[in-house]
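Below: one structure, written as structure tokens.
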Amino acid sequence: MKGFSKVVFLGGLVFILGLFSCKTEKGDTVQGATGEKRNLAIDLGDTGIKIQPTMYGIFYEDINFAADGGLYAELIKNRSFEFPDPKMGWEEPNSVKYSLNKESGFSKITDYVEPKGGNKRFSHTVVQNDARYELFNTGFRGIGLKKDASYHLSIMLANATGVKKLKIALVDTVGTVLASSEIIPDNKDWKTYERVLVPNTIEEKAKLKITFEGNGSIDMDMLSLFPKDTWKGRRNGLRKDLVELLEGLNPGFLRFPGGCIVEGKTLDQRYQWHNTVGPVMERELLINRWNNEFAHKSAPDYYQTFGLGFFEYFQLAEDLGAQPVPILGCGMACQFNSGELVPLENLGPFVQEALDLIEFANGNVSTPWGKLRGEMGHPEAFNMKYLGIGNEQWGPEYFERYKIFAKIIGEKHPEIILVSTPGPFPDGDMFDYGWEQMRELNVALADEHYYKPPEWFLENANRYDSYDRNGPKVFAGEYAAHPNEVEDGTLENNWRAALSEAAFMTGLERNADLVHMTSYAPLMAHAEGWQWAPDLIWFNNLDSYGTVNYQVQKLYSNNAGTDLLKITEEGKALIGQDGLYASAVKDADTGELIIKIINTESHPQQLKLVTNNGTLDKTGAMFSLQSSDLQAVNSFEFPNMVSPKESTLTVITDMVEVAVEPYSVNVLKIKIL
């Protein structure tokens, strides 16, 4: 994800609106508008080109409150008072007994025990009999609660002097109690108290309320609230509905944790994976890079607690059956921000961070980092194969540093496939220089990014047709069509954008010998806390949905196939002739022919598909995404406004006649006999 690239792309250019139209040659005639059939040929013979299992995957970045407040199911904001403003997320409407000093407010944990990792503060609260003391946590834009669902509350307490009871409640926006319990402190030393709260109604904007009884003081830390119904039922785990949407994509890989958060605005603010593993309460807090990146989308409460850390990312990849693809910093802060550099002679710790990660992911439990992985509950290796060095860096400074990483990692771990980058843009001098360097360095995978208007995606469906097959393979690691006629969050995820992406993806698939990995970006966004749009998945405190773009990605990733086939019209690949784009694959596992046909025109297209070098079954199925409204979107109210519709195909002597609707994405599946 780029820092200011959206402003560059969308603010600096003016595009002409209109219906889709893209012709590859002058003089192409419009066919199909009058009902004339277009003849397409599909060759079932072996092309020798394999579709990689990693062809379609997921790019995850902690942007738009995608981790804390999103995928990580913790409902309490600033649960251990570690934010720079320790009161952030907390309210005390009836008291002034909550201030930053040792006697009443926040103390450093060193007052009682040795500090451990990131947990350096706790709350020291003074309570008076005649002044009711209440403390509220506001959650992430509120706390989402479902009726009759169970929520695990845990709280660490110590040194209760005169404080007899804590009343814990979940309340709605007007203070009505939805669920409650009580805690009687009974230990001077730190002790974790647990309760289960079951709300009696649904509420999107609830708060956690703590009422203290007594006359004295008490210390608190790690106030936590999680739904019981998490992904795979893991205690204090991931938000189930969001992971189910990810699972629906059938991803071949999971790239994490970003994105520009890998680099940081400064090197001190960079993502350091060491600080995201081990006991959750000891993980180091970090300001999120998107906290104040855009003045008009400021999020001063956006921090990373790393309850969702590298162990959880690896575990999620394993759950999804996806290859983990972590990206690490290379000693360069984000060049859209400070561009701070580590001198080459001081790069050693950064390289060691990469070596340690390989050990954490793949090492035996007898190794230091492998042992930690085992202690966290996963003695088996995660079998990491890919590792990205740098996110979106460019210029000579990047490649000087990449060379050092590549040399050392190549010597110690030749089995690891390294990912490099030509920079944040899909063309230009910077891009050309990056590719020149990557070819000289014999880079395995080149991570290309493009955020462009829908027209660009249509016009570049042949982007990889002429790429050098002897150079690096391509990882289209971040892409999305940004429609220029709207800029309003969810409305940017419209059918016009998704349709153009689907057309472009036929070119990715047609060049599967070169393109080995692809992923839309960003992955998800909180409807009330986003910094960047469009996004693949939108969520609020209660609900989530896959956008029309998600539906396109899902249709492709669940029909990736294993072997590329040829589909042509008059001997030519379909890359926009009269708005038609197409690709074809065989799935050796299911024995199916899979054809993807995208019609970007406003009229239906009558097609006659004839196969050779093989025999087809008599019937098949067609799955279609279609809307006559190019501004159509899915939403919380109508999450399936544009979703797949299934119909039956009839095959006559290895020939299929089919009409593809205007503005439609179609997947045809027929058994090969």
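Kindly evaluate residue 328 against the criterion of being touching a residue at least 12 places away in the same chain (Cβ under 8 Å) and surrounded by 21 or more Cβ atoms within 10 Å (Cβ to Cβ).
Considered against the rule, which asks whether it is touching a residue at least 12 places away in the same chain (Cβ under 8 Å) and surrounded by 21 or more Cβ atoms within 10 Å (Cβ to Cβ), residue 328 comes out as yes.
Please name all residue pairs, on different chains or six or more residues apart, with Cβ atoms under 6 Å, provided the first residue is in the range 650-671 and is without any contact (Cβ under 8 Å) to a residue 40 or more places away in the chain and assigned by TED's automatic domain parsing to the domain that holds residue 609 and the second residue is assigned to a strand (DSSP E or B) and crowded, with 19+ Cβ neighbours inside 10 Å.
651/616
Do you know which residues across the range 480-529 are surrounded by 21 or more Cβ atoms within 10 Å (Cβ to Cβ), among the acidic types (Asp, Glu) and under 25 Å from residue 144 (Cβ atoms)?
The one that is surrounded by 21 or more Cβ atoms within 10 Å (Cβ to Cβ), among the acidic types (Asp, Glu) and under 25 Å from residue 144 (Cβ atoms): 492.
Of 451, 402, 479, which residue is more than 30 Å from residue 547 (Cβ to Cβ) and within 27 Å of the chain's Cα centre (by Cα)?
Just a single option satisfies the conditions, and that option is 402.
Quick one: would you say residue 383 is modelled with pLDDT of 95 or more, closer than 28 Å to residue 477 by Cα and either buried (at least 19 other Cβ atoms within 10 Å of the Cβ) or not assigned by TED's automatic domain parsing to the domain that holds residue 413 (or both)?
Values: modelled with pLDDT of 95 or more: yes; closer than 28 Å to residue 477 by Cα: yes; either buried (at least 19 other Cβ atoms within 10 Å of the Cβ) or not assigned by TED's automatic domain parsing to the domain that holds residue 413 (or both): no.
No.
So, in the range 331-359, how many residues would count as being touching a residue at least 24 places away in the same chain (Cβ under 8 Å), closer than 20 Å to residue 260 by Cα and not aromatic (Phe, Trp, Tyr)?
Residues meeting the conditions: 15.
Of all residues in the range 143-173, which are closer than 11 Å to residue 207 by Cβ and not small (Gly, Ala, Ser)?
Within the range 143-173, 143, 145, 170, 171, 172, 173 qualify.
So how many residues does the range 230-284 have that are modelled with pLDDT under 95, in contact with a helix residue (DSSP H, G or I) (Cβ under 7 Å, 6 or more places away or on another chain) and among the hydrophobic types (A, V, I, L, M, F, W, C)?
Qualifying residue count, the range 230-284: 2.
At pLDDT 95 or above, of a type outside the set (Val, Ile, Thr) and within 30 Å of residue 62 (Cβ to Cβ): is that true of residue 511 in this structure? It would help to see each step written out before you state the result.
On the way: at pLDDT 95 or above: yes; of a type outside the set (Val, Ile, Thr): yes; within 30 Å of residue 62 (Cβ to Cβ): no.
Criteria not met by residue 511.
Only one of 307, 321 is surrounded by fewer than 19 Cβ atoms within 10 Å (Cβ to Cβ), over 23 Å from residue 355 (Cβ atoms) and at pLDDT 95 or above. Can you tell me which?
Result of the check over 307, 321: 321.
Do we have residue 213 as more than 36 Å from the chain's Cα centre (by Cα) and part of a strand (DSSP E or B) here?
On the way: more than 36 Å from the chain's Cα centre (by Cα): yes; part of a strand (DSSP E or B): yes.
Taking the combined requirement at face value, the residue satisfies it.
When residues of the range 173-197 are filtered for being crowded, with 16+ Cβ neighbours inside 10 Å, farther than 22 Å from residue 161 by Cβ and of a type in the set (A, V, I, L, M), how many remain?
Final tally of qualifying residues: 3.
List the number of the failed condition for residue 352; all other conditions in (1) in a helix (DSSP H, G or I); (2) within 17 Å of residue 74 (Cβ to Cβ) hold.
Going through (1) in a helix (DSSP H, G or I); (2) within 17 Å of residue 74 (Cβ to Cβ) one by one, residue 352 breaks only (2).
How many residues are touching a strand residue (DSSP E or B) at 6+ places or on another chain (Cβ under 9 Å), in a loop (DSSP other than H, G, I, E, B) and either of a type in the set (S, T, N, Q) or in contact (Cβ under 8 Å) with a residue 60 or more places away in the chain (or both) when one looks only at the range 235-283?
17
State yes or no: is residue 553 within 21 Å of residue 506 (Cα to Cα) and touching a strand residue (DSSP E or B) at 6+ places or on another chain (Cβ under 9 Å)?
Yes; evaluated as a whole, the condition is true for this residue.
Could you check the range 599-639 and list, in sequence order, the residues that are over 26 Å from the mean Cα position of the chain (by Cα), assigned to a strand (DSSP E or B) and either of a type in the set (Gly, Ala, Ser) or crowded, with 20+ Cβ neighbours inside 10 Å (or both)?
599, 605, 607, 609, 611, 616, 620, 621, 622
How about the range 627-647: which of its residues are free of Cβ contacts under 8 Å to residues at least 40 places away in the same chain and under 19 Å from residue 605 (Cβ atoms)?
Hits for the range 627-647 are 628, 645, 647.
So, in the range 194-211, how many residues would count as being closer than 14 Å to residue 90 by Cα and not hydroxyl-bearing (Ser, Thr, Tyr)?
Qualifying residue count, the range 194-211: 5.
The values are calculated or read from the model by the stated rules, or taken from the named source; none is laboratory data. Here the structure is a predicted model, which is why all the values come from computation and not from measurement. Cβ atoms come from the backbone with ideal geometry, glycine included; neighbour counts cover every protein chain shown.
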